[in-house]
Amino acid sequence: LAAKDSGARDAGGYAWQIRMPDPAAFLRKILPVLNQRLTESEFRSYTGELKINLYRLGLVIRVADGEIAGVEPSESVGWGDLRIPPNLFAPLVLGQRSWEECGRLYPDLSGDPRALRIFCVLFPRIDAFLHGPY
(Lines give C-alpha, C1' and ligand atoms only; values in the text may rest on other atoms or scores of the structure.)
Protein backbone atom coordinates (compact mmCIF):
# COMPACT_ATOMS: atom_id res chain seq x y z
CA LEU A 1 0.00 0.00 0.00
CA ALA A 2 2.82 2.39 0.77
CA ALA A 3 4.27 1.88 -2.69
CA LYS A 4 0.91 2.47 -4.35
CA ASP A 5 0.43 5.58 -2.22
CA SER A 6 3.76 6.84 -3.59
CA GLY A 7 2.69 6.38 -7.20
CA ALA A 8 3.71 2.77 -7.93
CA ARG A 9 1.34 0.59 -9.88
CA ASP A 10 0.72 -3.11 -9.59
CA ALA A 11 1.02 -4.66 -13.01
CA GLY A 12 0.26 -8.10 -11.62
CA GLY A 13 3.80 -9.44 -12.06
CA TYR A 14 5.20 -12.43 -10.29
CA ALA A 15 8.39 -12.47 -8.23
CA TRP A 16 10.54 -13.53 -11.21
CA GLN A 17 9.25 -10.56 -13.21
CA ILE A 18 10.63 -7.90 -10.88
CA ARG A 19 12.77 -5.35 -12.70
CA MET A 20 15.25 -3.00 -11.09
CA PRO A 21 15.61 0.21 -13.06
CA ASP A 22 18.70 1.23 -11.05
CA PRO A 23 20.55 -1.82 -9.68
CA ALA A 24 23.41 0.26 -8.24
CA ALA A 25 20.99 2.44 -6.24
CA PHE A 26 19.25 -0.68 -4.90
CA LEU A 27 22.55 -2.18 -3.74
CA ARG A 28 23.59 1.11 -2.12
CA LYS A 29 20.26 1.15 -0.26
CA ILE A 30 20.87 -2.31 1.26
CA LEU A 31 24.55 -1.69 2.11
CA PRO A 32 24.09 -2.30 5.86
CA VAL A 33 22.82 -5.84 5.17
CA LEU A 34 25.55 -6.54 2.62
CA ASN A 35 28.27 -5.27 4.96
CA GLN A 36 26.95 -7.44 7.79
CA ARG A 37 27.07 -10.49 5.51
CA LEU A 38 30.69 -9.70 4.61
CA THR A 39 31.63 -9.18 8.26
CA GLU A 40 30.22 -12.59 9.19
CA SER A 41 32.06 -14.37 6.37
CA GLU A 42 35.52 -15.42 5.30
CA PHE A 43 35.70 -12.07 3.42
CA ARG A 44 35.66 -9.95 6.60
CA SER A 45 39.01 -8.38 5.62
CA TYR A 46 38.74 -8.62 1.82
CA THR A 47 39.79 -5.67 -0.34
CA GLY A 48 39.07 -5.60 -4.05
CA GLU A 49 36.47 -5.06 -6.73
CA LEU A 50 33.65 -7.24 -7.93
CA LYS A 51 32.78 -6.42 -11.54
CA ILE A 52 29.37 -7.64 -12.66
CA ASN A 53 28.43 -7.72 -16.33
CA LEU A 54 24.64 -7.45 -16.74
CA TYR A 55 25.03 -7.33 -20.55
CA ARG A 56 23.59 -3.85 -21.06
CA LEU A 57 25.02 -2.46 -17.86
CA GLY A 58 27.97 -3.14 -15.63
CA LEU A 59 28.25 -2.79 -11.86
CA VAL A 60 31.40 -2.36 -9.82
CA ILE A 61 31.23 -3.20 -6.13
CA ARG A 62 34.31 -1.85 -4.35
CA VAL A 63 35.24 -3.50 -1.06
CA ALA A 64 37.85 -2.11 1.35
CA ASP A 65 38.87 -4.16 4.38
CA GLY A 66 35.63 -6.15 4.44
CA GLU A 67 33.28 -3.21 3.95
CA ILE A 68 31.63 -2.07 0.74
CA ALA A 69 33.12 1.30 -0.12
CA GLY A 70 31.01 1.93 -3.20
CA VAL A 71 28.63 0.55 -5.79
CA GLU A 72 28.68 2.23 -9.16
CA PRO A 73 27.27 1.55 -12.61
CA SER A 74 29.93 1.19 -15.27
CA GLU A 75 30.00 0.84 -19.02
CA SER A 76 33.52 -0.56 -18.93
CA VAL A 77 33.47 -3.76 -16.88
CA GLY A 78 34.29 -5.73 -20.02
CA TRP A 79 33.86 -9.46 -19.52
CA GLY A 80 33.56 -8.83 -15.78
CA ASP A 81 34.10 -11.18 -12.88
CA LEU A 82 30.48 -12.35 -13.12
CA ARG A 83 28.18 -12.52 -16.12
CA ILE A 84 24.51 -12.35 -15.19
CA PRO A 85 21.64 -12.20 -17.68
CA PRO A 86 19.60 -9.08 -16.81
CA ASN A 87 16.43 -11.06 -16.02
CA LEU A 88 18.30 -13.05 -13.34
CA PHE A 89 19.68 -10.12 -11.36
CA ALA A 90 16.54 -9.49 -9.27
CA PRO A 91 15.88 -13.16 -8.37
CA LEU A 92 19.53 -13.58 -7.36
CA VAL A 93 20.01 -10.44 -5.27
CA LEU A 94 16.57 -10.74 -3.64
CA GLY A 95 17.33 -14.32 -2.60
CA GLN A 96 14.52 -15.94 -4.54
CA ARG A 97 16.94 -18.25 -6.37
CA SER A 98 20.46 -19.44 -5.73
CA TRP A 99 23.28 -19.18 -8.25
CA GLU A 100 23.19 -22.97 -8.68
CA GLU A 101 19.44 -23.03 -9.33
CA CYS A 102 19.70 -20.31 -11.96
CA GLY A 103 22.82 -21.85 -13.49
CA ARG A 104 21.01 -25.09 -14.27
CA LEU A 105 18.51 -23.20 -16.43
CA TYR A 106 20.74 -20.44 -17.81
CA PRO A 107 24.12 -21.71 -19.06
CA ASP A 108 25.27 -18.15 -19.81
CA LEU A 109 25.23 -17.35 -16.07
CA SER A 110 28.92 -17.63 -15.22
CA GLY A 111 31.66 -16.25 -13.06
CA ASP A 112 35.14 -16.59 -11.69
CA PRO A 113 35.27 -18.88 -8.64
CA ARG A 114 36.37 -16.27 -6.08
CA ALA A 115 33.92 -13.65 -7.37
CA LEU A 116 31.17 -16.24 -7.27
CA ARG A 117 31.95 -17.05 -3.62
CA ILE A 118 31.80 -13.35 -2.70
CA PHE A 119 28.53 -12.91 -4.62
CA CYS A 120 26.97 -15.90 -2.85
CA VAL A 121 27.97 -14.45 0.54
CA LEU A 122 26.41 -11.10 -0.38
CA PHE A 123 23.28 -12.60 -1.94
CA PRO A 124 22.38 -15.96 -0.41
CA ARG A 125 19.20 -17.81 -1.23
CA ILE A 126 16.67 -17.05 1.49
CA ASP A 127 13.32 -18.55 2.38
CA ALA A 128 11.10 -15.58 1.74
CA PHE A 129 8.49 -14.66 -0.80
CA LEU A 130 6.16 -11.71 -1.15
CA HIS A 131 2.74 -13.20 -1.70
CA GLY A 132 0.15 -11.08 -3.41
CA PRO A 133 -3.47 -11.37 -2.27
CA TYR A 134 -5.21 -14.15 -4.17
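The values are calculated or read from the model by the stated rules, or taken from the named source; none is laboratory data. This structure is a prediction, so every number in the text was calculated from the model and none was measured. All accessible areas refer to the heavy atoms of the entire protein, side chains included, with ligands and DNA or RNA removed. Shrake-Rupley method; radii C 1.70, N 1.55, O 1.52, S 1.80 Å.
At a 1.4 Å probe radius, which order do LYS51, LYS29, LYS4 fall into by accessible area, largest first? Don't jump to the answer; show the numbers that get you there.
Working: LYS51 70, LYS29 160, LYS4 120 Å².
Solvent-accessible surface, decreasing: LYS29, LYS4, LYS51.
Which of rounded, prolate, oblate describes the chain, given a ≥ b ≥ c as roots of the alpha-carbon gyration tensor eigenvalues and a/c under 1.5 marking rounded, otherwise prolate only if a/b is larger than b/c?
Prolate, since a/c reaches 1.5 and a/b exceeds b/c.
Run the accessible area of the chain with a 1.4 Å probe and give the carbon-and-sulfur part as a rounded percent.
That fraction is 54 percent.
Skip the ligands, DNA and RNA, and give the accessible area per residue of segment 18-134 with a 1.4 Å probe, whole Å².
On the way: 6880 Å² over 117 residues.
Accessible surface, normalised per residue, equals 59 Å².
Rounded to the nearest 500 deg cm²/dmol, what is the calculated helix-only ellipticity per residue at 222 nm for the chain, with -39500 (n - 2.57) per DSSP H run of length n ≥ 4?
Numbers: 6 runs with 45 residues, N = 134.
Taking each H run of at least 4 residues, the total per residue is -8500 deg cm²/dmol.
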